[in-house]
Amino acid sequence: MKGEMQKSIGRRQALFIVLLLFVVSILLRLPNINRPLSKHHEYNSAVILVNIESWRQAGGGYRFHYVPLLNYQNPGDKCPQDLPNIDSSGNILYLSFGPGWYVIPYFIYQVFHLPVEPVYLQVINLFFNLAAVILLFLLCERLFDASQPRRYQSILLACFLFMFSPGILWYLGNGYVTTGIMMPFVIAALLLLIPMLQSADNIRTSRLIFLFLLIIVLVYIDWFVLFLSAVSSVYILFKIRKDKRYLPLLFAMAIACITAITILFIQFASYAGMDNLMKTLLFRFTGRSIVNTGDPFIVRVGSIVKNIVTSYFPLLLLLLLSLAVVFFKKVRTSFTAPEITFLVIYAPAVLLYNLILTEWSAVHEFALIPLSILLVIVATRLIITLAANRVFYGVIATYFVIACCQYYFINRPGKVSWDGTPFDIYKKLGQQVQQVPADYKLFMNNWNAVIDVYAHRNITPVVNIDSARAYMHRYNIPKAVWIDHRNYQLQKIVILR
């Protein structure tokens with residue numbers, strides 16, 4: 001009876017269940033939605049909100065050619081240092097990668113006249129989550145064999161595993177990040193690219209144009225698509241040896257990447273200058289890539305593995321158990337031709353992205369978000385092959401429970417974090433220093449960007465009050481304050497002259 005029901009699940013029913021599951025994923029997040037910014041890489045949300053308010057204070061983002069800023073426009077918030085990423089007015093520029101993740105929420109806040117508060121950024125994030133889920137549904141339809149009797153059960157499973165991975169629950173909910181909002185565009189690019197890689201008959205002008213535009217949008221958000229394009233281009237070169245009709249696809253991807261990088265460089269250089277841009281990008285690449293001379297490579301790889309476990313532990317558990325069953329029971333499982341194409345181009349792209357940008361991936365857990373759909377597709381294929389009906393539902397229930405437990409353990413509901421720190425500790429401190437006049441520079445130790453959001457001021461991190469005085473003397477700063485705190489609880493504000 002259950003087998004017949006599974007076979008009878010159609011596209012509409014499957015999509016309806018997926019959307020229902022998405023609503024459940026929102027309900028799971030509710031205890032954390034609109035919680036004060038505090039932990040787990042929420043500094044990303046903080047810098048986005050600072051930028052929105054700063055552009056507004058200056059009269060609009062166009063005044064900076066939409067180059068992101070890390071500071072407010074108050075006199076005391078400008079930076080006196082002479083560095084490539086600081087303009088002539090003392091604004092700190094963010095030039096690591098494309099400004100798309102800044103520009104998108106800025107225009108949404110502007111169009112809807114939203115106050116600069118975190119909750120609206122979280123709502124935007126959930127819309128990107130929904131788009132990623134729907135596009136993943138469509139991608140799985142293309143990857144999974146239409147003749148497979150449990151096809152839509154497989155698609156449901158893939159979407160379920162993706163939605164309820166602890167990392168996805170957080171980073172496409174509270175933790176607004178560049179790799180999160182790019183995922184709908186990445187999946188859309190795969191929807192266009194995989195059929196063309198499968199057969200030259202699928203290479204059409206309309207598809208090439210849409211792929212061209214998607215690559216430009218993706219480069220405007222993050223560098224990941226360059227790795228995907230590079231791996232796909234190598235794959236296409238092997239295809240061209242047998243079929244010259246693949247040349248337009250290779251040409252379109254190459255021109256798209258060049259155009260996207262050119263647009264990005266022109267935008268940044270038009271405001272910051274090409275020399276400053278190149279110096280900043282080189283500095284950021286050196287710090288975030290495999291050439292970083294800080295921690296040993298093996299230590300950084302260990303941190304990446306830890307980040308993968310933190311984000312996808314229930315999914316990894318399923319994968320390991322499934323692989324063990326395949327190995328010990330010698331079960332034969334086969335991937336469809338589209339699945340193999342996906343694995344061949346996507347797996348190396350994720351590997352290169354996270355290993356070449358080793359420091360970035362080791363420090364920033366959200367750098368592993370592109371890995372999500374790779375794990376999901378492989379896990380789905382193995383589970384559907386191995387699990388009988390009763391086992392299948394047991395696996396799903398167990399995964400859901402473990403995922404929820406991990407998500408709530410890391411992001412504990414209530415007013416206090418798992419380590420005993422109140423979630424509003426940065427908010428309270430920020431609100432307390434709002435009293436400082438706008439022309440005073442603010443100094444403190446153990447600074448966190450989240451404090452800036454609630455203070456509506458920029459705080460300069462230094463080691464101690466003597467370092468603050470030395471900073472004032474070096475850069476001829478007439479007025480400043482030292483924020484004396486103990487574990488982010490304000491003790492006193494000391495005026496420095």
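The values are calculated or read from the model by the stated rules, or taken from the named source; none is laboratory data. Worth saying up front: this structure is predicted, and the values here are computed from it rather than measured. All Cβ positions, even for glycine, are placed from backbone atoms using ideal geometry, and neighbour counts span all protein chains on display. In case anyone asks, the SASA skips ligands and DNA or RNA and just uses the protein heavy atoms, side chains included. Shrake-Rupley method; radii C 1.70, N 1.55, O 1.52, S 1.80 Å.
For the chain, the longest principal axis of the alpha carbon atoms and the long axis of helix 100-111 meet at an angle near 70°.
Roughly what angle does helix 183-198 make with the longest principal axis of the chain, taking Cα atoms, 0 to 90 degrees, to the nearest 10? Result, in degrees: 40.
With each run of n ≥ 4 DSSP H residues scored as -39500 (n - 2.57), what mean residue ellipticity at 222 nm is computed for the chain after dividing by its residue count and rounding to the nearest 500 deg cm²/dmol? Before the final figure, lay out the partial values.
Details: 21 runs with 314 residues, N = 497.
Result for the chain, helices only: -20500 deg cm²/dmol.
Summing charges over neighbours of PRO437, with a neighbour being any other residue whose Cβ is under 14 Å away from its Cβ, gives +2 when K and R count +1 and D and E count -1.
Return the equivalent ellipsoid semi-axes of the range 90-163 as a descending list in whole Å, where each equals the square root of 5 times an eigenvalue of the C-alpha gyration tensor. Intermediate results must be reported in sequence, preceding the final value.
Numbers: eigenvalues 270, 43, 18 Å².
In descending order the semi-axes read 37, 15, 9 Å.
In this simple spin-label approximation, PHE297 and SER147 carry label points 7 Å from Cα along the Cα→Cβ vector, and these lie 4.6 nm apart.
For SER199 and ALA324 in one chain, what is 0.36 nm times their gap in residues minus the Cα-Cα distance, to one decimal in nm? Intermediate values should be presented prior to the final figure.
Details: separation 125, 0.36 × 125 = 45.00 nm, distance 3.46 nm.
Working it through step by step, the gained length comes to 41.5 nm.
For LEU496, neighbours were defined as the other residues whose beta-carbon sits under 15 Å from its Cβ, and their charges (Lys and Arg +1, Asp and Glu -1) total +3.
Taken per residue, the accessible surface of the chain reaches 44 Å², heavy atoms only and a 1.4 Å probe.
Between the helical axis of 337-356 and the longest alpha-carbon principal axis of the chain there is an angle of about 20 degrees.
Could you tell me what a quarter of the Cα convex hull surface of the range 1-116 works out to, in nm² with one decimal place? The partial results should precede the final answer.
Values: hull surface 46.3 nm².
Convex hull of Cα atoms, orientation-averaged projection: 11.6 nm².
Taking only the Cα atoms of the range 424-496, the radius of gyration and Dmax are 11.2, 35 Å. With a cut-off of 14 Å between beta carbons, the residues surrounding LEU114 carry a summed charge of -1, where Lys and Arg count +1 and Asp and Glu -1. The lysines whose alpha-carbon is closer than 18 Å to the alpha-carbon of LYS479, local same-chain residues fewer than 8 away aside, are LYS78, LYS441, LYS492.
Reachable aspartates and glutamates from LYS427, Cα under 13 Å, same-chain residues fewer than 8 places away excluded? Of all the aspartates and glutamates, those that pass the test against LYS427 - Cα under 13 Å, at least 8 places apart if same chain - are GLU42, GLU117, ASP452.
Which value in Å is the Kirkwood Rh of the chain over different Cα pairs?
On the way: mean 1/r = 0.0408 Å⁻¹.
The answer is 24.5 Å.
Would you mind telling me the share, in percent, of accessible area of the chain contributed by carbon and sulfur at probe 1.4 angstrom?
Details: 14360 of 22000 Å².
Answer for the chain: carbon and sulfur cover 65 percent of the accessible area.
The distance between label points at ILE266 and THR310 comes to 3.9 nm (points 7 Å beyond Cα on the Cα→Cβ vector). Taking label positions 7 Å along the Cα-Cβ direction at both ASP243 and VAL416, the computed distance is 6.3 nm, reported to one decimal.
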